[in-house]
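Visitor: Can you keep this structure in mind? I'll have questions shortly.
The values are calculated or read from the model by the stated rules, or taken from the named source; none is laboratory data. These numbers were taken from a predicted model, which means no experiment stands behind them. Every residue, glycine among them, receives a Cβ derived from its backbone with ideal geometry; neighbour counts consider all protein chains shown.
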């Protein structure tokens with residue numbers, strides 16, 4: 001029995017962020033500005049954003065699927081709009097991919113207060 005050479009299966013490829021998921025997380029952390037209203041009200045949570053990536057790697061139509069409000073939803077859409085993916089072709093055809101992303105909003109950890117006392121002896125004048 002002769003075996004036929006197996007062809008490599010080609011599945012639909014999705015656009016990838018340059019540098020992988022670690023670089024994507026770093027980009028989001030660098031560019032997210034915690035909204036003032038959310039800081040004042042001490043709001044934390046996750047914002048789920050859906051968007052499309054066109055054949056050139058640009059993000060289109062970002063929309064919030066599940067948000068937390070207080071300005072966090074708008075900030076998540078702003079950051080997602082800044083993303084640029086590597087263009088991808090599927091079997092030679094340019095395609096638009098639908099993607100989802102979760103952006104985590106966590107309050108900055110409180111730094112312990114450091115109290116420094118300065119002592120000056122009273123001068124005898």
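Visitor: Taking segment 77-98 as the region of interest, how many residues are touching a helix residue (DSSP H, G or I) at 6+ places or on another chain (Cβ under 9 Å) and touching a residue at least 24 places away in the same chain (Cβ under 8 Å)? Full working, then the answer.
Guide: Our first condition is that a residue be touching a helix residue (DSSP H, G or I) at 6+ places or on another chain (Cβ under 9 Å); within segment 77-98, this holds for 78-80, 82-83.
So of that shortlist, the ones also touching a residue at least 24 places away in the same chain (Cβ under 8 Å) come out as 79-80, 82-83.
Number satisfying all stated conditions: 4.
For every residue, the table says whether it meets (1) touching a helix residue (DSSP H, G or I) at 6+ places or on another chain (Cβ under 9 Å); (2) farther than 13 Å from residue 103 by Cα.
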position	(1), (2)
13	no, yes
17	yes, yes
25	no, no
33	yes, no
44	yes, no
65	no, no
74	no, no
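Visitor: Please go through (1) within 15 Å of the chain's Cα centre (by Cα); (2) not in a strand (DSSP E or B) for residue 63 and return the number of the only condition it doesn't satisfy.
Guide: Failed condition: (2).
Visitor: What about residue 108, is it farther than 21 Å from residue 21 by Cβ and in a loop (DSSP other than H, G, I, E, B)? First the steps, then the outcome.
Guide: Values: farther than 21 Å from residue 21 by Cβ: yes; in a loop (DSSP other than H, G, I, E, B): yes.
When the stated conditions are applied, residue 108 passes them.
Rundown of residues vs (1) under 30 Å from residue 107 (Cα atoms); (2) modelled with pLDDT of 95 or more; (3) surrounded by 12 or more Cβ atoms within 10 Å (Cβ to Cβ); (4) out of contact with any strand residue (DSSP E or B) (no Cβ under 6 Å at 6 or more places or on another chain), yes/no style:
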residue: 5; (1), (2), (3), (4): no, no, no, yes
residue: 8; (1), (2), (3), (4): no, no, no, yes
residue: 12; (1), (2), (3), (4): no, no, no, no
residue: 21; (1), (2), (3), (4): yes, no, no, yes
residue: 37; (1), (2), (3), (4): yes, no, yes, yes
residue: 43; (1), (2), (3), (4): yes, no, yes, yes
residue: 51; (1), (2), (3), (4): yes, yes, yes, no
residue: 55; (1), (2), (3), (4): no, no, yes, no
residue: 63; (1), (2), (3), (4): yes, yes, yes, no
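Visitor: If a residue has to be in a loop (DSSP other than H, G, I, E, B) and under 13 Å from the mean Cα position of the chain (by Cα) to count, how many in segment 31-53 make the cut? Spell out the reasoning first.
Guide: We begin by selecting, within segment 31-53, every residue in a loop (DSSP other than H, G, I, E, B); these are 32-35, 42-44.
If we keep only those that are under 13 Å from the mean Cα position of the chain (by Cα) too, we end up with 32-34.
Count: 3.
Visitor: Something else about it: Hey, can you tell me all the residues within segment 71-84 that are outside any helix (DSSP H, G or I) and surrounded by 20 or more Cβ atoms within 10 Å (Cβ to Cβ)? So that I can check it myself, show each step before the final result.
Guide: First, pick out the residues of segment 71-84 that are outside any helix (DSSP H, G or I): 71, 83-84.
The one that is outside any helix (DSSP H, G or I) and surrounded by 20 or more Cβ atoms within 10 Å (Cβ to Cβ): 83.
Visitor: Right, next: Can residue 30 be described as surrounded by fewer than 11 Cβ atoms within 10 Å (Cβ to Cβ) and at pLDDT 90 or above?
Guide: Numbers: surrounded by fewer than 11 Cβ atoms within 10 Å (Cβ to Cβ): yes; at pLDDT 90 or above: yes.
Answer is yes for this residue.
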